[in-house]
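First the structure, in the form of structure tokens, and then the observations on it.
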Amino acid sequence: MTPKRKRLWLVLGSVAVLGCAATLVLTALSDNIVFFYSPTQIAEKQIPPERRFRMGGLVEAGSVTKSPDGQVTRFKVTDTNKTVDVVYRGLLPDLFREGQGVVAEGSLGSDGVFAAREILAKHDENYMPPEVAKALKDSGQWKDGKK
Amino acid sequence: MSAHAVYVMSAYLVALVILGGLLVSSLATRNRVRRELAARGLERKK
Amino acid sequence: MADLHFLANPARFRRFSQRVLPSLAFATVLMLAVGLYMALIQSPPDYQQGDTVRIMFVHVPSAWLAMAGYALLAGLGASLLIWRHPLAALMARASAPVGAGFCAVCLLTGALWGRPMWGAYWVWDARLTSMLLLFFLYLGHIALSRAYDEPERGDRAAAILALVGVINLPIIKFSVDWWNTLHQPASVARLGGPSIHPSILIPLLWMAATLFLLFVLLVLLRTDTEIDRRRLENAELQA
């Protein structure tokens, strides 16, 4: 083996070993790397009340209600499998809309209602002008933002 | 432009400052190194 | 003899870069003018995000170039460590700050996009965190390559860092698929084709091509300078 060959294999081998190590570490830590849990995961995990975490999903269409003074918003977050009731006091981000993604940070109350302290809007990967979106909706070709 | 124009404009400004700064500093370094080479009598080889 | 070998490739590189740099600069300026018109005036607002979507036209190409730049560093690192290519170390020194610059643009414009759309400048989700890590890898590369008295040792240490850090690239790309993130999934490079309407996709690709030219321009220009600088250092050593 020429020295060049040897160095080539050494470099390729080291990168492969490091890649495997990184994969193992990231797989082991994947529960901590996720930014939020879905309602289904929350149901599986039995998270104790008052523990802070983030929950993400879609704002269920038609579920948003506001208190008369407009300060308190109640809505449901769904992953189409399970649904969690959320209550939030404060200003909502612009992109907070029914049917759109949302990430809420807060904790579950003993009544099973998620009390959110912070709401982040999640937008999907579709970009188009308003006329196109309208035309798609009118012709019934609208696909849901999420699979 | 909408109410968020300030974010859009700052984003383009940030890009201009960083990328423009890179270009200006690259040109300045090139000229400085060339001057130092010339001062040592080492003209650039074509 | 060794000195001649060192100059062989750099000399050819220099002839090449001097021939292309003027037309490259001209093309970049021209494309940037058209690109900015498309990005800021001609393209339509997004149905959800309105005009804020225009940040995408600098944010996304910067992210691509920051990642491509690191892939370049890794390739140059391998070519230095394995084949001892004389130009690789100089080009790596020249391109690391360029990649870091594009990475900074990506992070900052992302923050300015996140605040109005998500409601936060920054969150520690997997995509944003791995992109920040990329920026620190760039800084580490720049620092390592300058950390030794003999530049060759710095070049090799930085090359090793570039190869180690290349593992971060697939993590950045697939972070949005592997873990729940606040950042949305891929829109352009994805199975099933882009999910961006052509009226927004074309300005995006145009700006990507423009910034790519700027990236190449900066790397060629700075590599040229690094060749001169190395000659200067060699002359000082001999003096």
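The values are calculated or read from the model by the stated rules, or taken from the named source; none is laboratory data. Since this is a predicted model, take the numbers as computed values, not measurements. Methodologically, a virtual Cβ is constructed for each residue, glycine included, from the backbone with ideal geometry; neighbour enumeration extends over all protein chains shown. Ligands, DNA and RNA are stripped out before the accessible areas are found, and what is left, the full protein with its side chains, is counted by its heavy atoms. Shrake-Rupley method; radii C 1.70, N 1.55, O 1.52, S 1.80 Å.
In percent, what relative contact order does chain C have, based on Cα pairs under 8 Å that are 6 or more apart in sequence? Kindly include the intermediate steps, with their values, before the conclusion.
On the way: 264 pairs, mean separation 72.2, N = 239.
Worked out over chain C, it gives 30 percent.
For chain A, find the longest principal axis of its Cα atoms and tell me its angle to the long axis of helix A:3-28, 0 to 90°, nearest 10.
Rounded to the nearest ten degrees, it is 30.
Which angle between 0 and 90 degrees, to the nearest 10, do you get for helix C:126-145 versus the longest principal axis of chain C when only C-alpha atoms count?
That works out to roughly 20 degrees.
Roughly how crowded by other chains is peptide B:21-29, in terms of the mean Cβ count from those chains within 10 Å of each of its Cβ atoms?
Values: counts 1, 12, 9, 0, 3, 11, 3, 1, 6.
Counting Cβ atoms of other protein chains within 10 Å of each residue's Cβ and averaging gives 5.
According to a simple spin-label model (label point 7 Å from Cα along Cα-to-Cβ), what is the distance in nm between residue A:26 and residue A:131?
Reported label-point gap for residue A:131 and residue A:26 is 4.2 nm.
Just tell me how shielded C:119-126 is by partners: mean number of partner chain Cβ atoms within 10 Å of each residue's Cβ, no decimals. Spell out each step's value before the answer.
On the way: counts 12, 6, 0, 0, 7, 2, 7, 5.
What the average comes to for C:119-126 is 5.
Between residue C:47 and residues 5 or more places away or on another chain, which pairs have amide H atoms under 5 Å apart, with H built 1.01 Å from N, and which residues are they?
The answer is A:128.
Can you give me the C-alpha center-to-center distance between the stretch A:65-137 and the stretch C:96-168, rounded to a whole angstrom?
A separation of 33 Å, based on Cα centres.
Averaged across orientations, what area in nm² does the convex hull of the alpha carbons in the stretch C:152-224 project? Don't jump to the answer; show the numbers that get you there.
Details: hull surface 29.4 nm².
Average of the hull's projected areas for the stretch C:152-224 equals 7.4 nm².
Could you order the peptides B:25-36, A:51-62 from most to least packed, using the average number of other C-beta atoms within 10 Å per residue? Could you put the intermediate results ahead of the total?
Details: B:25-36: 14.8, A:51-62: 17.9.
Going by the mean number of other Cβ atoms within 10 Å, highest first, we get A:51-62, B:25-36.
So what is the accessible area of chain C per residue, in Å², with the probe set to 1.4 Å?
Numbers: 9720 Å² over 239 residues.
Using a 1.4 Å probe on heavy atoms only, each residue of chain C averages 41 Å².
Report the residues of the stretch C:76-94 in range of a label on residue A:4: point 7 Å along Cα→C-beta, backbone N strictly under 18 Å from it.
From the stretch C:76-94, the list is C:76-89.
Considering only the other residues whose Cβ falls under 14 Å of the Cβ of residue C:216, what net charge follows from Lys and Arg at +1 and Asp and Glu at -1? Walk me through the numbers before you get to the answer.
Working: positive: C:19, C:222; negative: C:224.
So the environment of residue C:216 carries a net charge of +1.
Residue by residue, what Karplus-based ³J(HN,Hα) values in Hz, rounded to whole numbers, does the stretch C:14-22 have, using 6.51, -1.76 and 1.60 with θ = phi - 60° and x for Gly and Pro?
So the J values, rounded to whole Hz, are 5, 4, 5, 5, 5, 6, 8, 4, x.
Among the GluC sites (Glu not before Pro) within the stretch A:97-134, which fall in a DSSP loop and have no more than 15 other Cβ atoms within 10 Å of their own Cβ?
Numbers: sites: A:98, A:105, A:118, A:125, A:131; in loops: A:98, A:125.
Passing sites in the stretch A:97-134 are A:98.
With angles folded into 0 to 90 degrees, how steeply does helix B:5-39 sit against the dominant principal axis of chain B? Use alpha carbons for both and round to 10.
Tilt of helix B:5-39: around 0 degrees.
Tell me the mean residue ellipticity at 222 nm calculated for the protein assembly as shown from its helices only (DSSP H runs of n ≥ 4, each -39500 (n - 2.57), averaged over every residue, nearest 500).
Only helices count here, giving -21500 deg cm²/dmol.
Rounded, prolate or oblate: which one fits the protein assembly as shown, using the alpha carbon gyration tensor with axes a ≥ b ≥ c (rounded when a/c is under 1.5, else prolate when a/b beats b/c, else oblate)? Spell out each step's value before the answer.
Numbers: a/c = 2.70, a/b = 1.81, b/c = 1.49.
Judged from the Cα gyration tensor, the protein assembly as shown comes out prolate (a/c at least 1.5, a/b above b/c).
Let me know the mean shielding of A:97-104 by other chains, meaning the per-residue number of their Cβ atoms within 10 Å of its Cβ. Could the numbers behind the result be given before it?
Values: counts 1, 0, 0, 1, 2, 2, 8, 0.
Mean partner-chain Cβ count within 10 Å for A:97-104: 2.
What are the ³J(HN,Hα) couplings of the stretch C:185-192, residue after residue, when phi is run through the Karplus curve with 6.51, -1.76, 1.60 and θ = phi - 60°? Round to Hz, x for glycine and proline.
x, 4, 10, 9, 7, 8, 5, x
Using the basic label-point model (7 angstrom from Cα toward the beta carbon), what is the residue A:16 to residue C:15 distance in nanometres?
Between residue A:16 and residue C:15, the label points sit 4.0 nm apart.
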